[in-house]
1. Per residue, how much accessible area does the stretch 35-141 have with a 1.4 Å probe, in Å²?
2. Could you please state how large a percent of the accessible area of the stretch 50-142 is carbon and sulfur, counting protein chains only and using a 1.4 Å probe?
3. Which order do peptides 155-167, 100-112 fall in by mean Cβ count within 10 Å, highest first?
4. Take the alpha carbon gyration tensor of the stretch 46-89, find the square roots of its eigenvalues, order them as a ≥ b ≥ c, and report rounded if a/c is under 1.5; if not, report prolate when a/b exceeds b/c, else oblate.
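The values are calculated or read from the model by the stated rules, or taken from the named source; none is laboratory data. These numbers come from a predicted model, not from an experiment. In this analysis, Cβ positions are derived from the backbone assuming ideal geometry, glycine residues included, and neighbour counts consider all displayed protein chains. For the accessible areas, the whole protein counts, side chains as well, though only heavy atoms, and no ligand, DNA or RNA atoms are used. Shrake-Rupley method; radii C 1.70, N 1.55, O 1.52, S 1.80 Å.
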Amino acid sequence: MAYLRGLLISSALATLIGVADVPAFAQSGEAGAATGAQQATGAQAPQPLTDEELEVLVARIALYPDEIVALIAAASLYPLQIVEADRFLTQLKADKTLKPKPDWDGSVISLLNYPDVVRMMSEDLDWTEAMASAIVNQEDDVLAAIQQLRERAVAQEVIKSDDKVKIVEENDTIV
């Protein structure tokens, strides 16, 4: 989990650097501090998801390798770029000379190697935005939900090490 947390923190830092140019709206009174994205859109922090809701949210990606989970988490912060990337992949089939937009986030560009993931995220923008919100507001809970699902999958032998997959248990973390 430390590895995945490191990947997510690195992605979050890159995101914050990219968001640094967005002007933040001033807050008054005792409303508290909002994230840069919340300030830019004027949105309030959503209600935290329950443990069960988080498990449902991350179920479709929990068994992916940590590197892909981190890319999905970071790319979920850019839903418009995900839609553009999905369209790009469709156009790429006809024109192999196309290049990704240079202003796309690195996580979105990296996900181009996983077209099924890009398509899933593009076709289910509600899920993509829910993932982004959970990452921004409940990162630790998201990681815990992923670990719980992985633990259950290992215990029920849904996943196990073989010649293509290596399940590693580091302390209480399944990688």
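1. Working: 5860 Å² over 107 residues.
On a per-residue basis, the stretch 35-141 sits at 55 Å².
2. Details: 2570 of 4840 Å².
Using a 1.4 Å probe with all protein chains present, the stretch 50-142 comes out at 53 percent carbon and sulfur.
3. Working: 155-167: 9.2, 100-112: 16.6.
In descending order of packing, they fall as 100-112, 155-167.
4. On the way: a/c = 2.59, a/b = 1.55, b/c = 1.68.
Since a/c reaches 1.5 but b/c is at least a/b, the shape of the stretch 46-89 is classed as oblate.
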